[in-house]
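Beneath this line is the structure, given in C-alpha cells, with notes to follow.
Readers should treat all values here as calculations from the given coordinates under stated rules, not as data from a laboratory. Keep in mind that what you see is a predicted model, and the values were worked out from it rather than measured. All Cβ positions, even for glycine, are placed from backbone atoms using ideal geometry, and neighbour counts span all protein chains on display.
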Amino acid sequence: MTPAARESKPVILPRSTFILMPAILRCGRFSLDLSRPLVMGVVNVTPDSFSDGGKFSSPEAAVAHARRLIEEGADIVDLGGESSRPGAAPVPVEEELARILPVVRALRDERVPLSVDTTKPEVMRRALAEGAAMVNDITALGAPGALEAVAGSDCAVCLMHMQGEPRTMQARPVYDDVVREVRQFLSARVTAAGHAGVARERIVVDPGFGFGKTVDHNLELLRHLREFAALGVPVLAGWSRKSSLGQLTGRPAQDRLAASIAAALIAVQNGASIVRAHDVAATRDALAVWQAVEKRN
Ligand code: 9MG
C-alpha cells in the first residue's frame, strides 16, 4: 500500500480506544489537567466580532468580561484582537498590540492561563513576554517566524485548520474528503511544531469549525472528531454561536446557546478535550452532567 493510500484509509476508533495522549497540557506556568473537559472562554477585544458585536472592545470592558468568565469557571481565557469572522479585514500589528497588551497586563496574575488568539509572530512574542501562556493560531503557526516565536517559550499552542483566509474562506469551500485533508494538515503542523522545538505536551489541534467549511463539512468533522484525537495531542473544538448553528436552527448569533451547548457536548463525547465557548457558565454546567455520567461508566 502506498503512503498516500495508507493515509487516506479511514481511521475507525471505538469510543473505548485507548489513545496515548498527554494527560496534561503544559501552558506557561500552568499544567492543565485534561482528565475532565476544559472550557476556553472567549473575549473579543475587537469592534467587529460576529458573536458579541464589539461589546468588549475597550480594554476595561474586556478585562471585566474576562474576570466574569473566570468566575463562571473558564479554565483558559482566549483574548482576540483581530476578528476572524468570515469577511473580516486584517488588522495592522500595532493596532492588534494596542488592543491586546493592556488586557494581558491586567489579567496576567489571574488563576487561569491567558491565551492570545493571533496569527502574527510579533503579537505572539510581545504577548508571551507580558505573561500570556498560550497562542491560539487559526493559521496553525503558518506565518513566517511564527514557529520560532513560540518555540523558545513554554507556552501552549493551538494549531487550527482553515481553508483560505477569513476574508474569502466561506466563498466556496471544497474538499475531496474533509476529514482526511484536515487530519493530514494538522498532522503535518504537529510535526513541524515538533521539529521547531515545541514539546508535544504543549500542543493542541483544532479542525477549525466554520473556517472554510460548509455546514456539511462541519458536521462531518464533528462526527469524526475522534480521529483527530488519534493524532496523540488534545483536540479543541469551537462551535460556540457559529453560523452553522444558525443555519441548522434558524437563529441569530445571540440565540444560539442551546445549539452551542449541544455541539460542545457532542464534541466532548467524540474526544475533544477543550471547548471554546462564549457562554462559560452554561457550558460548564452541561459538561458537569456529561462528566458525572462518564465517571459512572
Ligand atoms: C479565534 N477562533 C474563532 N473560532 C475558533 C475556533 O473554532 N477554534 C480556535 N482555535 N480559534 C477560534
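Do any of Lys242/Lys295; Lys55/Lys242; Lys55/Lys120 go past 27 Å between their Cα atoms, and which?
Those over the limit are Lys242/Lys295.
Dipole size in debye (nearest 20) for the stretch 43-168 around its Cα centre, Lys and Arg Cβ +1, Asp and Glu Cβ -1? Don't skip to the answer; put the middle values down first.
Numbers: 12 positive and 20 negative charges, 19 e Å.
That gives the stretch 43-168 a dipole magnitude of about 100 debye.
Look at the Cα gyration tensor of the chain: its axes a ≥ b ≥ c give a/c under 1.5, and that counts as rounded.
Multiplying the residue separation of Arg36 and Gln269 by 0.36 nm and subtracting their alpha-carbon distance yields 82.7 nm. Using a/c under 1.5 as the rounded threshold, could you call the stretch 205-290 rounded, prolate or oblate? The axes a ≥ b ≥ c are square roots of the C-alpha gyration tensor eigenvalues, and prolate needs a/b larger than b/c, oblate otherwise. Oblate, since a/c reaches 1.5 and b/c is not below a/b. Given +1 at the Cβ of Lys and Arg, -1 at the Cβ of Asp and Glu and no other charges, the dipole of the stretch 96-168 around its Cα centre is 160 debye to the nearest 20. Loop-resident trypsin sites (Lys or Arg not before Pro) (DSSP state other than H, G, I, E or B) in the stretch 76-175 with no more than 12 further Cβ atoms inside 10 Å of their Cβ: Arg111, Arg167. The overall shape of the stretch 75-203 is oblate: from the C-alpha gyration tensor, with semi-axes ordered a ≥ b ≥ c, the ratio a/c is 1.5 or greater and a/b is no larger than b/c.
Show me 234-243, 260-269 ranked by packing, highest mean number of other Cβ atoms within 10 Å first.
234-243, 260-269
Calculated mean residue ellipticity, 222 nm, the chain: -12000 deg cm²/dmol, from DSSP H runs (n ≥ 4) at -39500 (n - 2.57) each, averaged per residue and rounded to 500.
Let me spell out the model: positive unit charges on the Cβ of Lys and Arg, negative unit charges on the Cβ of Asp and Glu, origin at the Cα centre of the chain. What dipole size does that give, in debye rounded to 20?
Around 640 debye, computed over the chain.
Of the residues Leu79, Gln163, Pro121, the one whose Cα sits farthest toward the positive end of the charge dipole of the chain, with +1 on the Cβ of Lys and Arg and -1 on the Cβ of Asp and Glu, is Gln163.
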